[in-house]
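The values are calculated or read from the model by the stated rules, or taken from the named source; none is laboratory data. What you see is a predicted model, and the numbers here were worked out from it, not measured in a lab. Note that each Cβ is placed from the backbone with ideal geometry, even for glycine, and that neighbours are counted across all protein chains shown.
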Amino acid sequence: MLAVPLAAQTLTPALEQWKKEIEAAGVPVLVARVNHDATANTYSLPDGIEGRELFVEYLKQYDFIQQFQHMYGVMVHYKGVRETYLVMLNMARANEWQANEEAVLAHELGHAWIKSRKFPTPVYQTGLAGCLAIHTGDIAQHVLIRKELDRRSIDHRTFWFKSLDRAVEQSRTMGQPAGDDRCIRARQAAELVDVRLGLAGQEWPGRDNYEAMVKRMLPEVEPTVAEILEWMRSHDMDDVDQHRQALRFVFDRLKALAYARSAAYIL
Ligand SMILES: [Zn+2]
């Protein structure tokens, strides 16, 4: 039996339109739902999806999975046998995002859209450098993505509020992260920059609780976040040169934060 209708990714009209515009620059966008087996903790793809072999290349990488498990979805720019933007949805966390699928997919299309406009992006490497590359790119790109989602009247903040509020709830029973988890500091710093830039002036009852959570869990991110915010507010991410400078500045600041001495640094 041909599993055509169910295997095909259905997109809302707003997303279908945007995907078409991105593809007009010459690179196709493929979307896949990545299934998760909780017992074996393994990820798999449905049979028969377009570009299956391209997605598989990422899903067999340990480092990629380490990052992917924290995400609702991701976009990777595949430049191998045929250039493609691969959008993957993390079905392991579907219960968290399913009601807001358009917002999740729109965000990942946004990353492909920026690639299609030839903005510079940090090169992905394995290990901590890869973590820094992801969060550096995100800080600069999310400024443009938020603006474009607003322009297209795609609601992205409802889901954002929901996931931030959920993170606050989950953190209540958690202690501070381990001092040698260097990526988590970069991830938290990038998220706080996003929140303060993207939700400024928005009605959000959870704001104080969110700020208090960061202060309790990772107070050391604050000076880095303040520095990055000042820089971002005085530069234009739509300008390719300033965008590139932003990547250099942010990468350096996140790197310093990640490598900052913690209690466990010298034994
Ligand atoms: Zn993003």
> Out of segment 227-241, which residues are without any contact (Cβ under 8 Å) to a residue 40 or more places away in the chain and either surrounded by 14 or more Cβ atoms within 10 Å (Cβ to Cβ) or in contact with a strand residue (DSSP E or B) (Cβ under 7 Å, 6 or more places away or on another chain) (or both)?
Replying inline: GLU227, LEU229, TRP231, HIS235
> When the residues of segment 47-80 are filtered to those that are β-branched (Val, Ile, Thr) and surrounded by fewer than 16 Cβ atoms within 10 Å (Cβ to Cβ), which remaining residue is nearest to the chain's Cα centre (by Cα)?
Replying inline: ILE65
> Just checking, which of LYS115, LYS147 is surrounded by fewer than 17 Cβ atoms within 10 Å (Cβ to Cβ), within 14 Å of the ligand (Cβ to nearest atom) and under 27 Å from ASP252 (Cβ atoms)?
Replying inline: LYS147
> Taking ASN100, is it over 19 Å from ASP138 (Cα atoms), within 16 Å of the ligand (Cβ to nearest atom) and at pLDDT 95 or above?
Replying inline: yes
>> Being at pLDDT 95 or above, surrounded by 18 or more Cβ atoms within 10 Å (Cβ to Cβ) and in contact with an Asp or Glu (Cβ under 7 Å, 6 or more places away or on another chain) is the requirement here; does ALA190 meet it?
In response: yes
>> Tell me yes or no: at least one residue of segment 203-220 is in contact (Cβ under 8 Å) with a residue 60 or more places away in the chain and either assigned to a helix (DSSP H, G or I) or under 19 Å from the mean Cα position of the chain (by Cα) (or both).
In response: no
> Among the residues of segment 125-140, is any within 14 Å of the ligand (Cβ to nearest atom), under 22 Å from PRO28 (Cβ atoms) and either outside any helix (DSSP H, G or I) or among the hydroxyl-bearing types (Ser, Thr, Tyr) (or both)?
Replying inline: no
> Among the residues of segment 169-199, which ones are assigned to a loop (DSSP other than H, G, I, E, B) and of a type in the set (A, V, I, L, M)?
Replying inline: MET174, ALA178, LEU199
> When PHE64 is evaluated against the numbered criteria (1) assigned to a helix (DSSP H, G or I); (2) more than 16 Å from the ligand (Cβ to nearest atom); (3) within 22 Å of PRO120 (Cα to Cα), which criterion, by number, is the only one it fails?
Replying inline: (2)
> Restricting attention to segment 82-98, which residues are over 14 Å from ALA38 (Cα atoms), in contact (Cβ under 8 Å) with a residue 12 or more places away in the chain and assigned to a helix (DSSP H, G or I)?
Replying inline: GLU96, TRP97
> Does TYR43 fit the bill of being in contact with a His (Cβ under 7 Å, 6 or more places away or on another chain) and either more than 24 Å from ARG152 (Cβ to Cβ) or touching a residue at least 60 places away in the same chain (Cβ under 8 Å) (or both)?
Replying inline: yes
